[in-house]
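> Dropping the structure in here first, questions after.
The values are calculated or read from the model by the stated rules, or taken from the named source; none is laboratory data. Quantities reported herein were computed from a predicted structural model and do not represent experimental measurements. Every residue, glycine among them, receives a Cβ derived from its backbone with ideal geometry; neighbour counts consider all protein chains shown. The area values use the complete protein model at the heavy-atom level, side chains included, leaving out ligands, DNA and RNA. Shrake-Rupley method; radii C 1.70, N 1.55, O 1.52, S 1.80 Å.
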Amino acid sequence: QVQVVESGGGSVQAGGSLRLSCAALGSIFRIDAMGWYRQAPGKQRELVAIDYSRDGIHYHDSVKGRFTISRDNAKNTVYLQMNSLKPEDTAVYYCDFRNDYVYPYHYWGQGTQVTVSS
């Protein structure tokens, strides 16, 4: 049994910064990817950033140069440093640990609200 716990969300003004953290509590046999997704009101969940264990890091175009994904493998933790935040970044952010051993299995965080005011 794995529990994924997120933290770090909050409310900031445009141009501010937040750092999201997400830790997988319990044993995950293998982590093939760690990623961050977000879902804004009225929109579908979209990929923000993903760190493939073997294929590197990819960002959504809208956050390139502003967000940085990083990981601590020993702690099974993934971070999202968000700088120069914009109102359009407002969303619930979800972290994800993906295990592709048999099929893509996603361990999702509970979501953390990020609100950016103009």
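> Name the aspartates and glutamates eligible as straight-distance cross-link partners of K64: C-alpha to C-alpha under 13 Å, and not fewer than 8 places from it in the same chain.
Within the straight-line limit of under 13 Å, K64 reaches these aspartates and glutamates: D89.
> Can you pull out the chymotrypsin sites (Phe, Trp or Tyr not before Pro) in segment 70-118 that DSSP calls coil and that have at most 14 other Cβ atoms within 10 Å?
Qualifying residues, ordered by number: Y101.
> If you stretched the chain out fully between V2 and Q39, how much longer would it get, using 0.36 nm times the residue separation minus the C-alpha to C-alpha distance?
Here the segment from V2 to Q39 would lengthen by 11.0 nm.
> Separate question: Using heavy-atom solvent-accessible surface (probe 1.4 Å) with all chains present, what is the largest-first order of R45, R54, R66, R19?
My answer, sorted largest first, is R54, R19, R45, R66.
> Evaluate the relative contact order of the chain (contact order divided by residue number), counting alpha-carbon pairs under 8 angstrom at least 6 apart; express in whole percent.
Contact order relative to length: 35 percent.
> L25 accessible area, nearest 10 Å², 1.4 Å probe?
90 Å²
> How high is the relative contact order of segment 11-74, in percent, with contacts defined as C-alpha pairs under 8 Å that are six or more residues apart?
Relative contact order for segment 11-74 comes out at 21 percent.
> Under a point spin-label approximation (7 Å from Cα along Cα-to-Cβ), what is the E46-K64 distance to one decimal in nm?
Calculated label separation equals 1.4 nm.
> Express in Å², to the nearest 10, the accessible area of T115 obtained by rolling a 1.4 Å probe over the protein heavy atoms while all chains stay in place.
50 Å²
> On a 1.4 Å probe surface of the protein chains, which of K64, K86 comes out largest in accessible area, and what is the full order?
Descending accessible area places them as K64, K86.
> Something else now. Put +1 on the Cβ of every Lys and Arg and -1 on every Asp and Glu Cβ in segment 4-105; which of Q39, G10, T77 then has its Cα farthest towards the positive end of the dipole?
The Cα lying farthest towards the positive end belongs to G10.
> What does the convex hull of the Cα atoms come to per residue for segment 39-84, in Å³?
98 Å³
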